[in-house]
1. Would you call ALA32 touching a residue at least 12 places away in the same chain (Cβ under 8 Å), open to solvent by less than 70 Å² (accessible area, probe 1.4 Å) and assigned to a helix (DSSP H, G or I)?
2. Of all residues in segment 1-29, how many are open to solvent by 80 Å² or more (accessible area, probe 1.4 Å) and in a loop (DSSP other than H, G, I, E, B)?
3. Of the residues ILE54, ILE49, which single one is at pLDDT 90 or above and open to solvent by less than 100 Å² (accessible area, probe 1.4 Å)?
4. Among the numbered criteria (1) outside any helix (DSSP H, G or I); (2) at pLDDT 90 or above, which single criterion is violated by GLY38?
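The values are calculated or read from the model by the stated rules, or taken from the named source; none is laboratory data. Nothing here was measured: the structure is a model prediction, and the numbers come from that model. As a convention, Cβ positions derive from the backbone with ideal geometry for all residues, glycine included, and neighbour counts pool all protein chains shown. Note: areas computed on protein heavy atoms with side chains; ligands, DNA, RNA excluded. Shrake-Rupley method; radii C 1.70, N 1.55, O 1.52, S 1.80 Å.
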Amino acid sequence: MNSLETKEKYFMQKMEKAIMYFLYIIFIGVFALIAWSGSIREGLIMVPIAAITIPMTKWGIKWQNDRYVRSAKNVDDIEILSQKVNELEKQIEELKDK
């Protein structure tokens, strides 16, 4: 089924991967630049920062994505209900005409 929910889920998974890859590149890049300057000990400060930031960011993205997917599912459900209501209205009109 090509519903809004599946489209939203697919898009959000791609966005989550892109954001997380970007975050990994940022932290690795900063660590590499600090280490390249010759002070690896100062670069180690990035480890606890990354250990806190990356899981929190991943959790936040996942939480927000779940909200978007639930909203898309609600839109799909409303469209289904709208179609059923329209069918019932047509049936009622046909019964009134008889």
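1. Working: touching a residue at least 12 places away in the same chain (Cβ under 8 Å): no; open to solvent by less than 70 Å² (accessible area, probe 1.4 Å): yes; assigned to a helix (DSSP H, G or I): yes.
In short, no.
2. Total satisfying the criteria: 2.
3. Values: ILE49 fails: at pLDDT 90 or above.
From the options ILE54, ILE49, the qualifying one is ILE54.
4. (2)
Table: residues versus (1) acidic (Asp, Glu); (2) under 18 Å from the mean Cα position of the chain (by Cα); (3) in a helix (DSSP H, G or I).
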| residue | (1), (2), (3) |
| --- | --- |
| ALA50 | no, no, yes |
| THR53 | no, yes, yes |
| THR57 | no, yes, yes |
| ILE61 | no, yes, yes |
| ASP66 | yes, yes, yes |
| VAL69 | no, yes, yes |
| LYS84 | no, no, yes |
| GLU89 | yes, no, yes |
| LEU95 | no, no, yes |
